[in-house]
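For reference, the structure is listed below as structure tokens.
The values are calculated or read from the model by the stated rules, or taken from the named source; none is laboratory data. Treat the numbers as computed from the prediction; the structure is a model and nothing was measured. When we count neighbours, we look across all protein chains shown, and the Cβ atoms used for this are built from the backbone with ideal geometry, even at glycine.
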Ligand SMILES: Nc1nc2c(c(=O)[nH]1)N[C@H]1C(S)=C(S)[C@@H](COP(=O)(O)OP(=O)(O)OC[C@H]3O[C@@H](n4cnc5c(=O)[nH]c(N)nc54)[C@H](O)[C@@H]3O)O[C@H]1N2
Ligand SMILES: Nc1nc2c(c(=O)[nH]1)N[C@H]1C(S)=C(S)[C@@H](COP(=O)(O)OP(=O)(O)OC[C@H]3O[C@@H](n4cnc5c(=O)[nH]c(N)nc54)[C@H](O)[C@@H]3O)O[C@H]1N2
Ligand code: SF4
Ligand code: SF4
Ligand SMILES: [Mo]
């Protein structure tokens, strides 16, 4: 608790936390002191001089920069102060394009507020010499405009852009010509701006304004894109989403957002939304009413045995919906054949971290990264895929944290890194083991932690001693010295965190990669403590929750294995449950090709584009007798369906999402769904009830959540009521439990309470040869999301075209005799696609990149799988590039 002190402001006594500024104290007590360049959360820098106040000894000080002192007396309103303020504001207005009626910021403009507070009139302005102002407008960005004529040079935008580490804008030119500008004064669209809109949110006047309509009301909810789970206020007008702003009170994002969360949510309003159930008849889809669709499905599904049925759950849907789909699959269809996109994503983390530590989730929290002395970011392109986490990493670096980046591509984050290791794709195991070897050689290991809290260290030590540095250097392409330096930095930092994503998991040795990372953390005691940990950045908004809810073929909700917990669930669900383990996602398609899976229920996934080797997925979908696709949009997959069911989007239903740091948060219905679209939980319950099943009599998601609490111990203390103000991080075992910011403080959740060193294998997958000499990495772009069902409906995003190309190093281009804009045929052992070339010096020679937003990239990837987790080799495939 901060000490409270007392100050007298304008004769009024107010109590305030020690360390606050006079302006903070005033604002907290609803006292207005004129100001323009101050915004809570940003550094005060006193540029506008408007918040001048007078102290009892007659000094003038800026209220934003001066800290309160006990007993201090301050005046904020006097003739002397207002005379100075009037001069400042008159000068500002004189340089400001004064067409207020037409300004989108009118009503919210702080210059307007200040000027009316001070009573500025024509006389004040008449005394001033007319100034020629630059009133050019930069209209290039699809989501906001920059009106130079309105800028008052307060610098808040520059500060906002600096905090997130982008620095796309700054003060430029001098004297009367000073303006806020991009590098070389280029249009924003052609600059390094990432369209996050942070500057727009802070601009006090109409110089940076959203192009969107203004909302008439707001609803608090959670961004539906990535696993960061930023809190947002959706702006609604009529029945449409027109805007979004970050929730300043949400601890995940503290009001910040990326371009998708701020500007890309109006896909919900698209006229392409599914509005009616559709049944295929003679190859044509026919609109039907819900009753008919539900009866049709119930009738068809009742004809299949458990092992002939499979369901694919959805990391875009809520916990409640995923819980119900797995319950339906297990209790009604008597099948454990349920899986979801985590199989293509963090399945190796689930397997490896469960085996080595006890649970597959992020061990620590997003905000702890800000205080971690060293961050190892490996196989994650954080600024593009988890942007708000990247903001926090960059903030940490600015405050002195060290950053190590390991990535074959020179990603944005490298600009902020202390050490950058550019390893050959697929060689993380030798690299991480190299770091461990160096740490052992330097005796930087945490002896006590290893002794007290782990097992298997001796065999790990032996394993490392059998590894030769020559071999490590040869495999990774990185020198002994560089690996050693990274190892020493990580191990000698008082706290060190690891974050990683698909560059680690999406390989046939993905599980080995995670074992290696886990060993690194255990060796140095960097787990089970605050500001440390091993943190898989989960991808989809609710992929953590889908796994928590048991949308997995071998586990019930709460990661309770089907072998050991069947009786408990049979009792709870009051029925006999299947004993056989289910099959994993890729096996569902393989078994469909073989005719073993005959009926498939796909909720919110688009496998015909997102699975590896999609030619065989197409074959599978064609072969399936009865296919249900439940989505918010028609998709490439739904073309193969027998029935398409229209679902509500995140903005049209209540429920919970669990973000990457295990934080369960409420999403709230904000608008009416289009046509007859229904929440996924409603649809599943209807089908189950029609099939005569009990246990689906839910009236609303809250009731489903209450059942989840009863069966998932780590959710038992969480309730909708508690979630209303803020999310809670599991495990949370009672109503009094505040939840867990980090795991394993008192012991690991393995049987003996100890974590285990596990020896990862060093084997590699496809390596380039003379027929397929290039390594193709597939991944993501900031501006698009997966198979683009959602982002393709957002007007404006198409202006950012970076996802449409095959990127390669210019040296490779020269060797092949291709120039930017030329086409090449990208050919792998599985298939071929044509693509336009773009040069990217960030890539290594011999390595090419394509985003998988690019339709059909997955005809190139291989379905060869990691034996331990079932993860296909989605990240890297060997290809030939043939100029066209
Ligand atoms: N804008 C946007 N954001 C998203 C998504 C999206 O589609 N669009 N999807 C969400 C989802 S579901 C997920 S899973 C996450 C994924 O988030 P990320 O994993 O960060 O994204 P990717 O683009 O798949 O690429 C990961 C990085 O791995 C690197 N890499 C490739 N091979 C290797 C290797 O062998 N070793 C190492 N060390 N690095 C390698 C690549 O160069 C790339 O920078 O993003 C989430 N966020
Ligand atoms: N080559 C290559 N392939 C990859 C990857 C890669 O890096 N490279 N990454 C893999 C990874 S990590 C992932 S996570 C997968 C993602 O693969 P998918 O999950 O198949 O991809 P999405 O495009 O996100 O599909 C989600 C679907 O859910 C729908 N949807 C959205 N909200 C709702 C809702 O509320 N209800 C319902 N019913 N539907 C909804 C959307 O319209 C969309 O059709 O792709 C994988 N494939
Ligand atoms: S939108 Fe974001 S990146 Fe672009 S200038 Fe503003 S703060 Fe910087
Ligand atoms: S970081 Fe992720 S959750 Fe946050 S606004 Fe961007 S897409 Fe949404
Ligand atoms: Mo993912």
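One line per residue, one yes/no per condition, for (1) within 24 Å of residue 159 (Cβ to Cβ); (2) at pLDDT below 95; (3) in the same structural domain as residue 358 (by TED's automatic domain parsing); (4) buried (at least 23 other Cβ atoms within 10 Å of the Cβ):
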| position | (1), (2), (3), (4) |
| --- | --- |
| 371 | yes, no, yes, no |
| 415 | yes, no, yes, no |
| 443 | no, no, yes, no |
| 451 | no, no, yes, no |
| 456 | no, no, yes, no |
| 462 | no, no, yes, no |
| 466 | no, yes, yes, no |
| 470 | no, no, yes, no |
| 481 | no, no, yes, no |
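Test residue 207 against the criterion of being touching a helix residue (DSSP H, G or I) at 6+ places or on another chain (Cβ under 6 Å) and not assigned by TED's automatic domain parsing to the domain that holds residue 725, and give yes or no.
Yes.
Looking only at the range 12-26, decide whether some residue is closer than 24 Å to residue 162 by Cα, crowded, with 16+ Cβ neighbours inside 10 Å and touching a helix residue (DSSP H, G or I) at 6+ places or on another chain (Cβ under 6 Å).
Checked against the condition, which is being closer than 24 Å to residue 162 by Cα, crowded, with 16+ Cβ neighbours inside 10 Å and touching a helix residue (DSSP H, G or I) at 6+ places or on another chain (Cβ under 6 Å), the range 12-26 yields no hits at all.
I'm trying to understand the selection: among the residues of the range 197-210, which are in a loop (DSSP other than H, G, I, E, B) and within 16 Å of residue 101 (Cα to Cα)?
205, 206, 207
Go through the residues of the range 330-342 one by one and say whether even a single one is over 24 Å from residue 863 (Cβ atoms) and out of contact with any strand residue (DSSP E or B) (no Cβ under 9 Å at 6 or more places or on another chain).
Yes: the range 330-342 contains one or more residues that are over 24 Å from residue 863 (Cβ atoms) and out of contact with any strand residue (DSSP E or B) (no Cβ under 9 Å at 6 or more places or on another chain).
Out of all the residues in the range 227-254, which are surrounded by fewer than 19 Cβ atoms within 10 Å (Cβ to Cβ) and on the phi > 0 side of the Ramachandran plot?
Once the filter is applied, which keeps residues that are surrounded by fewer than 19 Cβ atoms within 10 Å (Cβ to Cβ) and on the phi > 0 side of the Ramachandran plot, the range 227-254 yields 238, 254.
Return yes when residue 506 is within 16 Å of ligand 4 (Cβ to nearest atom) and either surrounded by 23 or more Cβ atoms within 10 Å (Cβ to Cβ) or in contact (Cβ under 8 Å) with a residue 12 or more places away in the chain (or both) and no when it is not.
Numbers: within 16 Å of ligand 4 (Cβ to nearest atom): no; either surrounded by 23 or more Cβ atoms within 10 Å (Cβ to Cβ) or in contact (Cβ under 8 Å) with a residue 12 or more places away in the chain (or both): yes.
So residue 506 does not fit the description; no.
Going residue by residue through the range 568-578, is there one that turns out to be touching a strand residue (DSSP E or B) at 6+ places or on another chain (Cβ under 7 Å), closer than 23 Å to residue 318 by Cβ and either surrounded by fewer than 24 Cβ atoms within 10 Å (Cβ to Cβ) or free of Cβ contacts under 8 Å to residues at least 24 places away in the same chain (or both)?
Scanning the range 568-578 turns up at least one residue that is touching a strand residue (DSSP E or B) at 6+ places or on another chain (Cβ under 7 Å), closer than 23 Å to residue 318 by Cβ and either surrounded by fewer than 24 Cβ atoms within 10 Å (Cβ to Cβ) or free of Cβ contacts under 8 Å to residues at least 24 places away in the same chain (or both).
Tell me, which strands (runs of 3 or more DSSP E) wholly within the range 833-884 include 1 or more residues that are under 13 Å from residue 807 (Cα atoms) and in contact with a strand residue (DSSP E or B) (Cβ under 7 Å, 6 or more places away or on another chain)?
Passing ranges, in order: 847-851, 876-883.
Determine, yes or no, whether residue 826 is over 24 Å from residue 613 (Cβ atoms) and assigned to a strand (DSSP E or B).
Criteria not met by residue 826.
Go through the range 154-173 and give me each residue that's part of a loop (DSSP other than H, G, I, E, B), within 25 Å of residue 254 (Cα to Cα) and more than 16 Å from ligand 1 (Cβ to nearest atom).
Within the range 154-173, the first condition is being part of a loop (DSSP other than H, G, I, E, B), and the residues that meet it are 154-155, 164-168, 173.
If we keep only those that are within 25 Å of residue 254 (Cα to Cα) as well, we get 154-155, 164-168.
Answer for the range 154-173, where residues must be part of a loop (DSSP other than H, G, I, E, B), within 25 Å of residue 254 (Cα to Cα) and more than 16 Å from ligand 1 (Cβ to nearest atom): 154, 155, 165, 167, 168.
Yes or no, residue by residue, for (1) within 12 Å of ligand 1 (Cβ to nearest atom); (2) farther than 30 Å from residue 865 by Cβ; (3) assigned to a loop (DSSP other than H, G, I, E, B):
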position	(1), (2), (3)
758	no, no, yes
778	yes, no, no
789	yes, no, yes
795	no, yes, yes
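Counting just the residues of the range 780-797 that are over 13 Å from the mean Cα position of the chain (by Cα) and at positive phi, which one comes out farthest from ligand 3 (Cβ to nearest atom)?
By that ranking, first place goes to 788.
When you look at residue 790, is it more than 30 Å from residue 522 (Cβ to Cβ), surrounded by 18 or more Cβ atoms within 10 Å (Cβ to Cβ) and more than 16 Å from ligand 4 (Cβ to nearest atom), yes or no?
Judged against the criteria, residue 790 is not a match.
Residues in the range 208-221: is at least one on the phi < 0 side of the Ramachandran plot, surrounded by 22 or more Cβ atoms within 10 Å (Cβ to Cβ) and more than 16 Å from ligand 3 (Cβ to nearest atom)?
yes
If I filter the range 162-205 down to residues being surrounded by fewer than 20 Cβ atoms within 10 Å (Cβ to Cβ) and under 20 Å from the mean Cα position of the chain (by Cα), which single residue comes out as farthest from residue 383 (Cα to Cα)?
163
In the range 686-725, how many residues are in a helix (DSSP H, G or I) and surrounded by fewer than 21 Cβ atoms within 10 Å (Cβ to Cβ)?
So the first thing to find is which residues in the range 686-725 are in a helix (DSSP H, G or I), and the list is 686-690, 701-711, 713-715, 720-723.
Filter once more, so that each one left must be surrounded by fewer than 21 Cβ atoms within 10 Å (Cβ to Cβ): 686, 689-690, 702-703, 706-707, 709-710, 713, 720-723.
Residues flagged as in a helix (DSSP H, G or I) and surrounded by fewer than 21 Cβ atoms within 10 Å (Cβ to Cβ) within the range 686-725 amount to 14.
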